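Chemist: Quick one: the structure is below, questions incoming.
The values are calculated or read from the model by the stated rules, or taken from the named source; none is laboratory data. Not measured: the values here are computed from a predicted model. Cβ atoms come from the backbone with ideal geometry, glycine included; neighbour counts cover every protein chain shown. What goes into the accessible areas is simple: the full protein's heavy atoms, side chains included, and nothing from ligands, DNA or RNA. Shrake-Rupley method; radii C 1.70, N 1.55, O 1.52, S 1.80 Å.
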Amino acid sequence: YTPPSRVPDIEELPALRHGFVTFGSFSCLAKVGDPVVALWARCLHEVPNSRLLVKNKGFYSPDVQATFIAKFKACGIPEHRLKLMALAPTSYEHLNIYNEVDIALDTFPYSNTTTTCESLLMGVPAVTLVGNTHGSRVCYTLLNAIGIGDFAAHSQDAYVTKVKGLCSNLQTLALLRQNLRQIMLSSPLCDGPGFVREKYEPILLEKWAAYCNGRAPSQQVFSSSEPPDPLAPRPFAPPLMPGQPFVQGPAGSTSNTQGQVALAAMPVGNQPMLTTAAIPMASTVSPQALSFCPTGVAPVLQSAQVIADGSPMSPISMRPSAWQVAQPAQPAQLSPTVQVVFSGESNNRRRQRNNRIHPGRRA
């Protein structure tokens with residue numbers, strides 16, 4: 001971990017100033033599921049008058065705030081014990097909010113990485129629940145790297161016990177707060193060259209030696225009796241040739257403009273069906289480019305010649321599994337009506353929009 005060049009000073013333990021302990025989480029809300037809420041609520045119940053500060057960009061929305069507060073109310077935690085914050089203007093101000101937090105509460109089963117490093121940098125130790133997967137052990141690894149692996153719990157009861165133990169000895173917690181940054185910066189966690197030299201390079205040499213000795217590259221194999229999740233990752237596509245673009249553009253064109261296109265194909269005797277695909281912006285898609293597979297489940301874009309500014313583009317290869325329809329279609333003759341609706345914007349505009357929440361400017 002490489003800290004920012006400019007970081008705030010670490011202030012006094014907030015609990016000594018306010019008279020109550022403040023737990024904190026700056027995690028992505030997707031990590032804060034109902035089991036996490038229930039466990040954090042237990043910590044709040046076990047530590048009287050404690051508060052929970054949660055910072056996330058989603059709290060710009062009053063609806064998101066109301067939903068989050070309702071989850072804690074269902075666990076018996078009143079709204080006044082929660083403080084919800086949205087994005088800070090700068091990374092410096094983002095880090096400075098840790099001066100309002102006494103103890104960071106890690107999420108599970110997917111724990112925090114950069115968020116944990118930032119809290120440790122600001123003198124705020126994290127309590128984590130260790131799991132059996134890589135994603136559930138990252139925080140545990142970070143704590144071990146700086147010598148405070150005892151802050152990790154292996155059960156929910158132990159998680160609550162460790163939180164109560166830290167809150168019962170504020171003077172020790174205050175002393176740790178003032179020294180934790182230096183402990184972290186002098187640990188292997190912040191020694192990039194040492195990591196490459198002692199951990200990464202030996203692995204590369206080991207793999208290279210295995211290759212030179214004729215060992216075939218290993219293959220990732222997954223087997224399960226359960227049917228695959230529809231949203232699960234699929235096998236990688238065949239590699240492109242060097243220099244080959246993903247989609248060929250018009251001759252002489254350097255534009256990288258893309259958009260979402262809705263194609264409405266109307267089979268005879270059936271209701272219109274909508275399907276979407278991300279393809280380059282175009283002005284015309286030939287109706288003859290659409291047909292239906294024999295099973296009548298998914299329409300297939302066979303070999304569309306997409307026209308933009310009068311210049312033909314090369315055919316676009318689409319996987320049939322990427323097309324979803326509202327209802328099964330009968331293998332019937334298509335009407336000559338194909339509606340093309342553009343609802344996209346250029347990549348440049350998207351980059352300009354996303355820059356407003358880039359960690360370098362808003363954190």
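Chemist: Please name all residue pairs, on different chains or six or more residues apart, with Cβ atoms under 6 Å, provided the first residue is in the range 95-114 and is touching a residue at least 24 places away in the same chain (Cβ under 8 Å) and the second residue is among the charged types (D, E, K, R) and open to solvent by less than 20 Å² (accessible area, probe 1.4 Å).
Modeler: Short answer, once both residue conditions are applied: Asn112/Asp106.
Chemist: While we're here: Does Lys31 satisfy being of a type in the set (D, E, K, R) and within 23 Å of the chain's Cα centre (by Cα)?
Modeler: So Lys31 passes the test.
Chemist: Let me ask something else about it. Are any of the residues in the range 30-48 of a type in the set (A, V, I, L, M), more than 17 Å from Ser119 (Cα to Cα) and open to solvent by 70 Å² or more (accessible area, probe 1.4 Å)?
Modeler: From the range 30-48, those of a type in the set (A, V, I, L, M) are 30, 32, 36-39, 41, 44, 47; that's our starting set.
Cutting the leftovers down to more than 17 Å from Ser119 (Cα to Cα) gives us 30, 32, 36-39, 41, 44, 47.
Still in the running and open to solvent by 70 Å² or more (accessible area, probe 1.4 Å): 30.
Yes; the residues of the range 30-48 include at least one that is of a type in the set (A, V, I, L, M), more than 17 Å from Ser119 (Cα to Cα) and open to solvent by 70 Å² or more (accessible area, probe 1.4 Å).
Chemist: Show me the helices (runs of 4 or more DSSP H) entirely contained within the range 109-169 in which 3 or more residues are farther than 22 Å from Ala15 by Cα and open to solvent by 10 Å² or more (accessible area, probe 1.4 Å).
Modeler: In the range 109-169, 138-145, 156-167 are the helices (runs of 4 or more DSSP H) which contain 3 or more residues that are farther than 22 Å from Ala15 by Cα and open to solvent by 10 Å² or more (accessible area, probe 1.4 Å).
Chemist: For the subset of the range 91-105 comprising residues that are among the aliphatic types (A, V, I, L, M) and assigned to a helix (DSSP H, G or I), which member is surrounded by the fewest Cβ atoms within 10 Å (Cβ to Cβ)?
Modeler: Across the range 91-105, the extreme among qualifying residues is Ile97.
Chemist: Continuing with this model, one more query. Could you go through the range 196-203 and let me know if any residue there is of a type in the set (A, V, I, L, M) and closer than 30 Å to Glu46 by Cα.
Modeler: no
Chemist: Could you please find all residues in the range 60-80 being more than 23 Å from the chain's Cα centre (by Cα) and open to solvent by 30 Å² or more (accessible area, probe 1.4 Å)?
Modeler: Listed by number, the residues that qualify are Ala70, Lys73, Ala74, Cys75, Gly76, Pro78, Glu79, His80.
Chemist: If you go through the range 54-64 one residue at a time, do you hit one that is part of a strand (DSSP E or B) and more than 15 Å from Cys167 (Cα to Cα)?
Modeler: yes
Chemist: Quick check on Leu189: is it open to solvent by less than 20 Å² (accessible area, probe 1.4 Å) and under 28 Å from the mean Cα position of the chain (by Cα)?
Modeler: So Leu189 fails the test.
Chemist: Any residue in the range 176-201 that is of a type in the set (Ser, Thr, Tyr) sitting within a Cβ distance under 7 Å of a residue that is not in a helix (DSSP H, G or I)? List the pairs, counting only those 6 or more apart or interchain.
Modeler: Note: pairs meeting the criteria are Ser187/Ile146; Ser187/Gly147.
Chemist: Okay, next question. Does at least one position in the range 172-181 carry a residue that is basic (Lys, Arg), open to solvent by 10 Å² or more (accessible area, probe 1.4 Å), outside any loop (DSSP other than H, G, I, E, B) and in contact with an Asp or Glu (Cβ under 9 Å, 6 or more places away or on another chain)?
Modeler: Scanning the range 172-181, I find no residue that is basic (Lys, Arg), open to solvent by 10 Å² or more (accessible area, probe 1.4 Å), outside any loop (DSSP other than H, G, I, E, B) and in contact with an Asp or Glu (Cβ under 9 Å, 6 or more places away or on another chain), so the answer is no.
Chemist: Let me ask something else. Which condition from (1) open to solvent by less than 30 Å² (accessible area, probe 1.4 Å); (2) assigned to a helix (DSSP H, G or I); (3) in contact (Cβ under 8 Å) with a residue 24 or more places away in the chain is the one that Ala210 breaks?
Modeler: Exception for Ala210: condition (3).
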